[in-house]
Amino acid sequence: NNNDDNNNNSLNERERELLENDANAQRKSSANRASINFTTLSQQRQLLLRQQQQQSQIQHPLKEKGVSLTPGDHIRLELAMTEETYTRGLFILATISKAARELKMLLPDEEDVLFPLPTLLRFIDIHDEFLIGLGSVTRLLDTLRKTIPKLREYSIYFTNYVRIRKLQKRLSGTPQLHTIMEHCKKALSSVMVDLPQLDYSSYLIQPIQRLPRYELFLREFVKKAEEGDREEYEKLLAEMKQINSDLNAQQGEADNIAKLGEIQGALTGSKRKLGFTLSLFDKYPLRKFLAEGRLYLITKKSEQQQ
């Protein structure tokens, strides 16, 4: 009887241990699935710190010693390594954006343009998942098929980038921006051990520079692909090329509108000087900026009047 009681106690302890392990696993799974749209600054910082730690712990299976790498494996490994660097840059951008918005020293519209936290958090979500897929045993084609369509979400960043540049240029050297950047440095030091050189403009351009890199990687995958997979890689390459083309066109259109806005501003009061009002936004499709130079008005009284 004593033996039976001891066995039952051991069994109950083992059952409790299994249940506790299962409960812990479920809690961990729920935490991983939690939305990144946190409402408090402390929760957002915890998210960034946790994801950054996850990145540093990722070890690509192809890095193991004794594994013979194919040409395609080498490209996948290089892609994973550059993706990790890029994702770290997104973490830095998001941390700076959160800290800057904390101070509320800019107008809401300016804040949304220069420190686009919701957009950056979405990018982190996309590339965190992509990086984990690259570092797992998941078939590469499946990982790429899942990720590439999401890159269209870069549209709003590409469109706003001209505004980002202009706003940053206008604020450059002001005490206002200096105060914001000093606060951001403190925020970065609280979540990063090795504090990087804080050149915000160099981080802001990284999303613009990253997408064309995927097209280059896909070209290499097409060259190295096995015969049965080459057609699929070619389809992904065509999709990536189209995304880049569309985003560049949108950015070009935004640049054109911004330039027209500058010229329209310079023409304020044109009715008094020229005798009529000159509007650059009264036609659709919009006028295109082609060149900059002197404008002459030909009149009967004078051959040329600037």
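The values are calculated or read from the model by the stated rules, or taken from the named source; none is laboratory data. The structure presented is a predicted model; accordingly, all values stated were derived computationally and were not measured. We place every Cβ from the backbone using ideal geometry, glycine too, and count neighbours over all the protein chains shown. Heads up: the accessible areas ignore ligands, DNA and RNA and are worked out on the full protein's heavy atoms, side chains in. Shrake-Rupley method; radii C 1.70, N 1.55, O 1.52, S 1.80 Å.
Each residue, ARG88 and GLU182, gets one label point 7 Å from its Cα in the Cβ direction; the gap between the two is 2.8 nm. Mind scanning LYS169/LYS288; LYS186/LYS288; LYS169/LYS223 and naming the pairs with a C-alpha gap bigger than 32 Å? Exceeds cut-off: LYS186/LYS288; LYS169/LYS223. Figure legend: label point modelled 7 angstrom from the Cα of LEU141 along Cα→Cβ; residues of the stretch 218-257 with amide N under 17 Å from it are 218-240.
Peptides 233-239, 129-135, 202-208 ranked from most to least packed, by the mean per-residue count of other Cβ atoms within 10 Å: 129-135, 233-239, 202-208.
In the context of the full set of protein chains, residues of the stretch 72-201 present 46 Å² of accessible surface per residue (probe radius 1.4 Å, heavy atoms only). Highest mean first, the peptides 162-169, 92-99 sorted by other C-beta atoms within 10 Å per residue fall in the order 92-99, 162-169.
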